[in-house]
Amino acid sequence: MIEIRGLEKRFNSGHKSVVALNNIHLQISKGEFALIKGSSGCGKSTLLFCMGGLLKPSSGTIRVSGKDLYSMSEQEKLTFRVRKMGMVYQSYHLLPYFNVAENIRISSRLDGVSFREDELMTMAKRLKIDHRLSHQPSELSVGEKQRVCLARTLILKPEIILADEPTGNLDPENSTVVLQCLNEFKREGGTVVMVTHGTEADLFATRQIEMNNGKVI
């Protein structure tokens, strides 16, 4: 499903080049719940964003479902990402002047994917935010914001979810709700790749990928 070969990512800092990812070879199969773990600054999120088509590598290839992600045009890559992948961010990226229902709907409007209103309600009930659909993001708890972010991703029915520390700011109860939803997505045939530095997801994972200094170890 995801095949990475010789992946490198460098950032220019002044007159120096900082290596964030160093010659990574990795394969993630359909139906896995893979955790990417390691200390802060080891390259976990950089690797995830490269997988998601959000950060162009300096060299190497990333193939998703047999397609070379970075040989596509920007429009081709956007269309492919919409059909294949969903992102769950630690920082939520909710629109502050839209209510919860509108924040869930907005991704489908931007991406051209349709769903029924009863599907939105079913998803909201599943994530225990159905009583919050008319509220603004400023009125939500941290856990509720993360569940809205997850609902916005799941409603589009992607094949792959890439999650960047989705439980990093959550209490144990909310962490469990988010992880159970990701695990249910995996049981239904989806693939999950999750960046984390904690242990909450260990019981749900089919595989753990350790990183250190930009390398998979």
Query raised in the report: In this structure, does K37 turn out to be under 26 Å from I209 (Cα atoms) and not acidic (D, E)?
Result: yes
Query raised in the report: Which members of segment 10-68 meet the condition of being more than 19 Å from V88 (Cα to Cα) and of a type in the set (D, E)?
Result: D68
Query - Enumeration of residues in segment 161-201 that are touching a residue at least 60 places away in the same chain (Cβ under 8 Å), exposed (fewer than 15 other Cβ atoms within 10 Å of the Cβ) and either among the small types (G, A, S) or at positive phi (or both) - result: G189
Report summary line: In the set L54, L120, the lone residue that is free of Cβ contacts under 8 Å to residues at least 60 places away in the same chain and within 19 Å of the chain's Cα centre (by Cα) is L54
Query - Meets criteria (under 21 Å from L182 (Cβ atoms) and in contact (Cβ under 8 Å) with a residue 12 or more places away in the chain) for G86 - result: yes
Requested in this report: Name every residue in segment 120-135 that is of a type outside the set (A, V, I, L, M), over 12 Å from N103 (Cβ atoms) and crowded, with 20+ Cβ neighbours inside 10 Å, in order of residue number.
Outcome: none
Query raised in the report: Hey, any hits in segment 104-117 for a residue that's among the hydroxyl-bearing types (S, T, Y), within 19 Å of L154 (Cβ to Cβ), open to solvent by 20 Å² or more (accessible area, probe 1.4 Å) and out of contact with any Leu (no Cβ under 9 Å at 6 or more places or on another chain)?
Result: yes
Report summary line: Subset of segment 159-180, residues over 18 Å from Q208 (Cα atoms), within 13 Å of the chain's Cα centre (by Cα) and part of a helix (DSSP H, G or I), comes to V178
Query - Those residues of segment 136-152 which are open to solvent by less than 10 Å² (accessible area, probe 1.4 Å) and either in contact with a Gly (Cβ under 7 Å, 6 or more places away or on another chain) or part of a loop (DSSP other than H, G, I, E, B) (or both), in sequence order - result: none
**Report entry** Conditions (1) of a type outside the set (D, E, K, R); (2) within 20 Å of T196 (Cα to Cα); (3) surrounded by 15 or more Cβ atoms within 10 Å (Cβ to Cβ); number of the one not met by S91
**Finding:** (3)
Query raised in the report: What strands (runs of 3 or more DSSP E) lie completely within segment 1-83 and have 2 or more residues being surrounded by fewer than 17 Cβ atoms within 10 Å (Cβ to Cβ)?
Result: 2-13, 16-28, 59-64
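The values are calculated or read from the model by the stated rules, or taken from the named source; none is laboratory data. Small disclaimer: the values here were computed from a predicted structure and weren't measured. Neighbour counts run over all protein chains shown; Cβ positions are idealised from the backbone, glycine included. Remember, those area values only see protein heavy atoms, side chains included, never the ligands or the DNA or RNA. Shrake-Rupley method; radii C 1.70, N 1.55, O 1.52, S 1.80 Å.
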